[in-house]
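Here the structure comes first, spelled out in structure tokens, and everything after it is commentary.
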Amino acid sequence: GSHSVTLPAQTVGSDGGISVPFAGRIPAAGKLPVDVQREIERRLAGKAIEPQALVTVTKSVTNTVTISGEVVAGARVPLTLRGDRLLDVIAAAGGARAPVYETFVRLSRGGVTATVPLATLVSNPAENIYARPGDVLTLTRLPQAFSVLGATRRSAEVPFGAEKLTLIEALAKAGGLRDTRSDPAGVFLFRFEPPK
């Protein structure tokens, strides 16, 4: 008859190995689970009849992405063997707790940092790149607003409250124009844009 034994999860030691009863210390660091599995079976060949081993990786500290920020639960997310994109990592950490259009993702990798709106990752699959071990993702909330001044019902900084607004919608959020003081033909939009 067959006999199976399940060993408790082990952490790869500083020597790069794990201990397996009757097989001794097995080198595991930098090896695929299937390679470790074959080595265990080889070492048990003289001690058991047709030994079979199944090795799975439950958590790898070196193969993780760190995610933090004010709108996400901080976590160290292990990467899967199939590869994970940035949105996969964010979802694995519980997702962003702020509107997509107000959330920005800062990726730090190899001493370089780049920031992109979360909405861009969602709308443009090419921007949703693969995460790499050691990446650090920081999610921040930056409420988007516009300033209104002149012959409107109120002069104020007004939150967008949506991903996009038309000029008419923006005027409506500011309470509209004052009938007695405004000129509907004299509504101007000022915007800072790159010269190109």
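The values are calculated or read from the model by the stated rules, or taken from the named source; none is laboratory data. Everything numeric in this text was worked out from a predicted model, so none of it was measured. Note that each Cβ is placed from the backbone with ideal geometry, even for glycine, and that neighbours are counted across all protein chains shown. Heavy atoms of the whole protein, side chains included, go into the accessibility calculation; ligands, DNA and RNA do not. Shrake-Rupley method; radii C 1.70, N 1.55, O 1.52, S 1.80 Å.
Stokes-Einstein at 20 °C, 1.002 mPa s, Kirkwood radius from Cα pairs: D for region 7-157 in µm² s⁻¹?
Calculated translational D: 114 µm²/s.
So, in nm, how far is label Leu81 from label Thr56 when the simple model puts each one 7 Å beyond its Cα toward the Cβ?
Placing both labels 7 Å beyond Cα along the Cβ direction yields 1.2 nm.
Can you figure out the FRET efficiency of Ala9 with Asn124, using R₀ = 30 Å and their beta-carbon distance, to the nearest 0.05?
0.15
Once the convex hull of the alpha carbons of region 79-196 is built, what does its volume come to per residue, in cubic angstrom?
In region 79-196, the Cα hull volume divided by residue count equals 138 Å³.
To the nearest 0.05, what FRET efficiency results for Arg153 and Ser68 with a Förster distance of 45 Å applied to their C-beta separation?
That gives a FRET efficiency of 0.65.
Can you put Thr6, Thr113 in order of accessible area, largest first, using a 1.4 Å probe?
Heavy-atom accessible area, descending, gives Thr6, Thr113.
Across the chain, how many lysine pairs, 8 or more apart or on two chains, come within less than 25 Å at their alpha-carbon atoms?
4
For the charge dipole of the chain, defined by +1 on Lys and Arg C-beta atoms and -1 on Asp and Glu C-beta atoms about the Cα centroid, which residue among Phe104, Gly16, Thr152 has the Cα displaced farthest towards the positive pole?
Gly16
Tell me, what is the per residue accessible area of the chain in Å², probe radius 1.4 Å?
70 Å²
What dipole magnitude, in Debye to the nearest 20, does the chain give about its Cα centre under +1 on Lys/Arg Cβ and -1 on Asp/Glu Cβ?
For the chain, the charge dipole is close to 180 debye.
Per DSSP H run of at least 4 residues, take -39500 (n - 2.57); add these up for the chain, divide by its residues and hand me the 222 nm value, nearest 500 deg cm²/dmol.
Value at 222 nm, helices only: -4500 deg cm²/dmol.
Please compute the length gained on full extension between Ala185 and Ser108, using 0.36 nm multiplied by the number of residues separating them and subtracting their Cα-Cα distance.
Residue separation times 0.36 nm, minus the Cα-Cα distance, leaves 23.0 nm.
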